[in-house]
Each structure stands twice: as C-alpha cells, then as structure tokens.
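The values are calculated or read from the model by the stated rules, or taken from the named source; none is laboratory data. This structure is a prediction, so every number in the text was calculated from the model and none was measured. Neighbour counts run over all protein chains shown; Cβ positions are idealised from the backbone, glycine included.
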C-alpha cells in the first residue's frame, strides 16, 4: 500500500474512533466515517474488506493502545500509583470537557452496545480493558501493593464510572471524587 493509501486508512480509523467515542457502534455508520474522513467510498472495503466490524475493531484497538501508552507514560513519570491515576483522571477530564462532554471512554459504549451480540467486538473490548488493567497492575506491583490485580480492576472500574458520571452530569466533579477515592484506597 502506498503512502496515500496508508493516509486514507489512518484517516478512516481516526474518523471511526472519534465517532465511536461520541456515539458508539451505531453512531459510527459507514457513511459518517466516509464523510468525517473525506475518503472515497471505494476505499472503505479496500482497506476494511470485512466491513464495519473490522473498522470498529481496529479503531477500538487503536484507541486502546493510545490510552495504554498514556497510562504507561504517566506510570513512568508519577511518584506513585495514586498520583498516576490522578494524572490520568485529569487528562481524561480535560479531554471530555474539551469535547463538549461528548467523548468519554472509547470502549465502554461499544462494549455495552454489542458485547451480547457480537463476539468479535466483545473480545476486542475485553482485550483493551485487559491491557489497561495490566498497565495499572504493573505500576501497583512496582509500588509493592499487596493485591495489584484486584486493585487494578477496582481502579479501572472507578475510572470508567467517573467517565460515565462526568459525561452525564457535564461536570469534572466525578473525576475529583474518584481521585480522592483512589488515594484513600491506596
């Protein structure tokens, strides 16, 4: 694939990712992806021969890798897990507020919409969540936490809950409360 083809593919993935974050699986229709990316219709099935599910799966994996990299970068820079999670919550709050409260978790909406009916996308969502838990678990273990796996799951659940509540309430307050809860937990 040439450079132009690679750029088109990347634009479609970026458009799908943005649409998924704001509107979920059903909000990322193929026509919307094409319009948002500026890609010609023929490019869609050239780059994603299995159609929408392939496009959504790859966009979810891409979003998952971005958040995993963010967690790893914060974990490398932070003095302890509570500070790392606090920084992560700040970044997510800024991102959500900047989007006009429309872009929450890049995985949660799709997971809720299709995990009962689409095994492929359920597995992608599960793997993304596992990668985030793993990044948190690694930092907790490095801090000497006695139950890093269980605590990583609890922290991820708190972060996901903060994203949902902040989006619905259009407020940063859930992030602040979760940061305090994580600090108390640790």
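Worth pointing out:
- Every condition in (1) over 23 Å from residue 181 (Cβ atoms); (2) part of a helix (DSSP H, G or I); (3) touching a helix residue (DSSP H, G or I) at 6+ places or on another chain (Cβ under 8 Å); (4) touching a residue at least 24 places away in the same chain (Cβ under 8 Å) holds for residue 113 except the one numbered (3).
- A single member of 7, 54 is closer than 23 Å to residue 126 by Cα and without any contact (Cβ under 8 Å) to a residue 60 or more places away in the chain, and it is 54.
- Qualifying residue in region 147-161 (condition: modelled with pLDDT under 95, part of a helix (DSSP H, G or I), out of contact with any strand residue (DSSP E or B) (no Cβ under 9 Å at 6 or more places or on another chain) and exposed (fewer than 15 other Cβ atoms within 10 Å of the Cβ)): no
- Single residue of region 33-51 satisfying the filter (crowded, with 16+ Cβ neighbours inside 10 Å and in contact (Cβ under 8 Å) with a residue 24 or more places away in the chain) that is nearest to residue 127 (Cα to Cα): 48
- Given (1) at pLDDT 95 or above; (2) farther than 18 Å from residue 68 by Cα; (3) within 16 Å of the chain's Cα centre (by Cα); (4) surrounded by fewer than 17 Cβ atoms within 10 Å (Cβ to Cβ), number of the condition residue 121 does not satisfy: (4)
- Region 168-180, subset in a helix (DSSP H, G or I) and in contact with a helix residue (DSSP H, G or I) (Cβ under 6 Å, 6 or more places away or on another chain), residue surrounded by the most Cβ atoms within 10 Å (Cβ to Cβ): 178
- For region 77-85, the criterion of a residue being at pLDDT 95 or above, under 26 Å from residue 56 (Cβ atoms), in contact with a helix residue (DSSP H, G or I) (Cβ under 7 Å, 6 or more places away or on another chain) and not in a loop (DSSP other than H, G, I, E, B) is satisfied by no position.
- Pick from region 86-103, criterion in contact (Cβ under 8 Å) with a residue 60 or more places away in the chain and outside any helix (DSSP H, G or I), ranking: nearest to residue 123 (Cα to Cα): 103
- Some residue of region 66-81 being farther than 19 Å from residue 156 by Cα and touching a residue at least 60 places away in the same chain (Cβ under 8 Å): no
- Comparison of 30, 89 shows that the only residue that is in contact with a helix residue (DSSP H, G or I) (Cβ under 7 Å, 6 or more places away or on another chain) and buried (at least 18 other Cβ atoms within 10 Å of the Cβ) is 89.
- Identity of the residue in region 68-86, more than 16 Å from the chain's Cα centre (by Cα) and crowded, with 21+ Cβ neighbours inside 10 Å, that ends up nearest to residue 174 (Cα to Cα): 84
- Leading residue by the ranking (farthest from residue 74 (Cα to Cα)) among those in region 134-146 that are part of a helix (DSSP H, G or I) and either more than 17 Å from the chain's Cα centre (by Cα) or modelled with pLDDT of 95 or more (or both): 141
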